[in-house]
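Below is one structure, written out as structure tokens; the observations come after it.
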Amino acid sequence: MNAALLASFSSLYMVILKMLPGIPAFGFPGVKIEIATALSPVYGLVLGHALAPSSIFLGTIMAMLLLPGKYSIFSYVSIFAAPLGSLASSLVFDRGSLLRVPKWLYSMAMYTALLVCWFATDVGRIAALFTAPYFATMLLVVFSSLMLKLSGGRAMLLIVLRVLAGCAAGIFADHLYGSLAAIIVFRYMLHSFEPSALAGVYLAAIPVALAERGFMILFSSIIAFNLYLALRKSRYLRVRVV
């Protein structure tokens, strides 16, 4: 079953990557943001912590092998962005624990590690305001977790909030990793920008990033919530949702 799921969902992701055009990244000529990223939380919900990142990673590798001219050096550095996003979402969706620690805390640990790396760069320190959506997402996850624990997870409104938090966690984890990868590529590998210039690009891109990622979160939340309603009693749902 796992092999069949991995093969089918990785192939589906490859086809989506081939069919959908990328969104030009603000301030980075030649770099495009894949629309398929919006599906990473859905993969995390349906496939769980292992199969979701594996399917997205394998699907991306197959797409790169079939269409090598579509991808740049940045694409290869940021190849883990969408798998990381699906992992972050699946950990937030899952009400279970690992080593007696609630799984959503592992997602927050991932965010913390990425933010530490962000502020370790000169560009990241100058563009500190750019990280505001990531901290807001972490607060949303913590708030939804505490509310669900206090309520017992029975209120439908709180379940909607949890699904929204899970999708936001995945979409913005992808964005944080991708933004950090851009610093590594364009600042340290290619030396294309001075720190202040690249930080200026990030700060100017805040409204664009909020609109773009907000749409992705809304899209994935609608699909994820309806899938949850359809599959919550099914043995095929890989995470123990609220």
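Any read-out appearing in this document is the output of simple, stated calculations on the displayed coordinates, not a laboratory observation. Owing to the predicted nature of the structure, the values given are computational and were not obtained by experimental measurement. Cβ sites come from the backbone with ideal geometry, for glycine too, and all protein chains shown count toward neighbours.
The distance between label points at residue 157 and residue 208 comes to 3.8 nm (points 7 Å beyond Cα on the Cα→Cβ vector). Neighbour counts of other Cβ atoms within 10 Å put 202, 43, 188 in the fewest-to-most order 188, 202, 43. In a simple Cβ point-charge model (Lys, Arg +1; Asp, Glu -1; nothing else charged), the chain has a dipole of about 940 debye relative to its Cα centre. Residue-wise HN-Hα couplings along region 41-54, as the Karplus relation 6.51 cos²θ - 1.76 cosθ + 1.60 with θ = phi - 60° gives them from phi, are x, 5, 4, x, 5, 7, 9, x, 5, 9, 5, 5, x, 5 Hz; Gly and Pro carry x. Which residues' amide hydrogens lie under 5 Å from the amide hydrogen of residue 23, considering only partners 5 or more residues apart or on another chain, with H built in the peptide plane? The list, which skips near neighbours in sequence, is 33, 34, 35. Here the Gaussian network model covers the chain, with springs between Cα atoms less than 10 Å apart; of 29, 53, 133, 29 fluctuates the most. Residue by residue, region 134-151 carries 3J(HN,Hα) couplings of 5, 5, 5, 5, 4, 5, 4, 5, 4, 4, 5, 5, 5, 5, 5, 5, 6, 8 Hz when phi is fed to the Karplus relation 6.51 cos²θ - 1.76 cosθ + 1.60 (θ = phi - 60°); x denotes Gly or Pro. The count of lysine pairs in the chain whose Cα atoms are under 26 Å apart, excluding pairs fewer than 8 places apart on the same chain, comes to 6. By the count of other C-beta atoms within 10 Å, a proxy for reagent exposure, 171, 217 are ordered fewest to most as 217, 171. Among 47, 148, 12, the order by Cβ neighbours within 10 angstrom, fewest to most, reads 12, 148, 47. Classify region 2-231 as rounded, prolate or oblate from the Cα gyration tensor: take a ≥ b ≥ c as the square roots of its eigenvalues, call it rounded if a/c is under 1.5, otherwise prolate when a/b beats b/c and oblate if not. Taking the square roots of the gyration eigenvalues as a ≥ b ≥ c, region 2-231 is oblate.
Structural descriptor for the chain: relative contact order 26 percent, calculated from alpha carbon pairs under 8 angstrom and at least 6 residues apart.
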